[in-house]
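The values are calculated or read from the model by the stated rules, or taken from the named source; none is laboratory data. Remember, predicted model here, so these are calculated numbers, not experimental data. Neighbour counts run over all protein chains shown; Cβ positions are idealised from the backbone, glycine included.
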Amino acid sequence: MTYCVGLLLDDGLVMAADTRTNAGVDNVGKFKKLFTWEKPGHAVFVLLTAGNLAITQAVVSILSEGAQGKLGRGAKASSLFGARTMFQAARIVGKAVRGVKELDGEYLQSNGEAFTASFIFGGQIGTERPRLFNIYSAGNFIEATGDTPFFQIGEHKYGKPILDRVARNDMKLGDAAKMVLLSFDSTLRSNLSVGLPIDLLTYETGSLRIEHTKRIGLDDAYFKMLSSEWSKALRTAFMNIEALDI
């Protein structure tokens, strides 16, 4: 399985994904699930993927070939860099999802497998503000707003409480990244299908380039400290609350 988080802020975007995949307790692997495309000074796109690995890799390949102009006739219309708005770019991702489903969906169904894939897609084009979308397996999508500034896909339930309580679109990028990593820490503790390393990206509004990415592994000093201090803080808060009178 997997866990991915995308957060839309006034200051930019925070995007993160784990790397664990599993098809049973004895078949566990690591695959990248955070992908980027950029033309510095023009546009930046970030995609997080969850679901059937063959499906999500096919979608990423279609987008990459489109961005490189390798799709032949009509390639510009299918290229992320041909989009004038993030809405149009999200439509291109949705089209890629539907294209894979058209080719493989019937065969998956005949073998008793569902067409399962979901995506978080964010970025910025030119002077348009950064935008963030949750794209479903049907290729349709919803957009993040000030009321709901984050999306999660995969094993999201364990990491959701801290996002619900803390996430605000006026957070600083560093604080938001800390919150997202705490969300991952909670998920890692409660679900074995999510695992390190974590790929983390922060994007600053208006920079139109990818400058800050980090892979967080077992030996990452900051993540170890964060997990330890969060556990201590929770225990302290628990003990400071008056006990139930029974």
Legend entry - Within segment 1-55, tally of residues that are in a helix (DSSP H, G or I) and either on the phi > 0 side of the Ramachandran plot or crowded, with 24+ Cβ neighbours inside 10 Å (or both): 0
Legend entry - Checklist (1) modelled with pLDDT of 95 or more; (2) among the polar types (S, T, N, Q); (3) touching a Phe, Trp or Tyr at 6+ places or on another chain (Cβ under 6 Å) applied to GLN124, failing item: (3)
Inset, instruction - May I ask you to list the residues in segment 111-135 that are among the hydroxyl-bearing types (Ser, Thr, Tyr) and out of contact with any strand residue (DSSP E or B) (no Cβ under 6 Å at 6 or more places or on another chain)? - result: THR127
Inset, instruction - Quick one: in segment 161-201, of everything that is out of contact with any Pro (no Cβ under 8 Å at 6 or more places or on another chain) and of a type in the set (Lys, Arg), which residue is farthest from LEU9 (Cα to Cα)? - result: ARG189
Legend entry - Unique residue being out of contact with any strand residue (DSSP E or B) (no Cβ under 6 Å at 6 or more places or on another chain), surrounded by 13 or more Cβ atoms within 10 Å (Cβ to Cβ) and part of a loop (DSSP other than H, G, I, E, B) when the list is LEU181, LEU196, LEU244: LEU196
Legend entry - segment 124-140, subset under 24 Å from GLY206 (Cα atoms) and more than 14 Å from the chain's Cα centre (by Cα), residue surrounded by the fewest Cβ atoms within 10 Å (Cβ to Cβ): THR127
Inset, instruction - Please tell me if SER110 is out of contact with any Ser or Thr (no Cβ under 7 Å at 6 or more places or on another chain), surrounded by fewer than 23 Cβ atoms within 10 Å (Cβ to Cβ) and hydroxyl-bearing (Ser, Thr, Tyr). - result: yes
Legend entry - Close pairs from segment 206-235: first on the phi > 0 side of the Ramachandran plot and in a loop (DSSP other than H, G, I, E, B), partner exposed (fewer than 15 other Cβ atoms within 10 Å of the Cβ) and among the small types (Gly, Ala, Ser), Cβ under 7 Å, at least 6 apart: LEU208/GLY41
Inset, instruction - Can you work out which of the residues in segment 141-155 that are buried (at least 20 other Cβ atoms within 10 Å of the Cβ) and of a type in the set (A, V, I, L, M) is farthest from GLY105 (Cα to Cα)? - result: ALA144
Legend entry - Matching residues, segment 66-87, being modelled with pLDDT of 95 or more and among the charged types (D, E, K, R): ARG84
